[in-house]
Amino acid sequence: MTAPTRPLPPGLAALEDLFLVSLPPRGRADRAKQKRTVADLRGAMTAVEAIAAKEGRLPEASSMNDLAKLLEPAYVPRLPRADAWGTRFATRLGT
C-alpha cells in the first residue's frame with residue numbers, strides 16, 4: 001500500500017499523464033525511470049508553485065538554467081534538467 005499524495009496541479013497532472021502514456025514501460029527498469037522522472041517533475045512543479053505563491057506570479061525564465069537560478073537552492077536543491085533516460089527537458093513559454 002502506498003502513502004497518499006496530494007493532488008497534482010492540473011498542468012502537471014496532464015504532463016504526468018502524457019509522459020506515462022507516451023512511454024509505456026518495457027520492464028522494471030523503465031518503470032523505475034518513469035517514476036524517477038515523474039518525481040523530479042513533481043519536485044520542480046512544487047518549487048515553481050512555491051515561488052509563485054511568494055511572488056504572486058509565475059517565475060519568468062527562458063530556459064531551464066534561468067529557472068534554476070531562480071529556484072536553487074531556496075525552493076529546490078537541484079532543478080532537474082533531464083529525464084531519467086538523460087533526455088534534456090524542453091523549455092516552452094506561454095500556453
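Coordinate-derived values only; no laboratory data. Please read all numbers here as calculations on a predicted model, not as lab measurements. Virtual Cβ from ideal backbone geometry, glycine too; neighbours counted across all protein chains shown.
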Task: Relative contact order (%) - criterion: Cα under 8 Å, at least six apart; region: segment 27-85 - done: 41
Open item on the list: Quick check: residue separation of A32 and R78 times 0.36 nm, minus the Cα distance between them. What number comes out in nm?
Closed with: 14.6 nm
Open item on the list: Could you give the length gained by full extension between E49 and R88, i.e. 0.36 nm per residue of separation minus their alpha carbon distance, to one decimal place?
Closed with: 11.9 nm
TODO: Can you tell me the dipole magnitude for segment 27-85 around its Cα centre, using point charges on the Cβ only (Lys, Arg +1; Asp, Glu -1), in Debye to the nearest 20?
DONE: 360
Task: Anisotropy class of segment 27-85 from Cα gyration tensor, a/c 1.5 cut - done: prolate
TODO: Please name which of V48, A29, W85 has its Cα lying farthest along the dipole of segment 27-85 towards the positive end, using unit charges on Cβ (Lys, Arg +1; Asp, Glu -1) and the Cα centre as origin.
DONE: A29
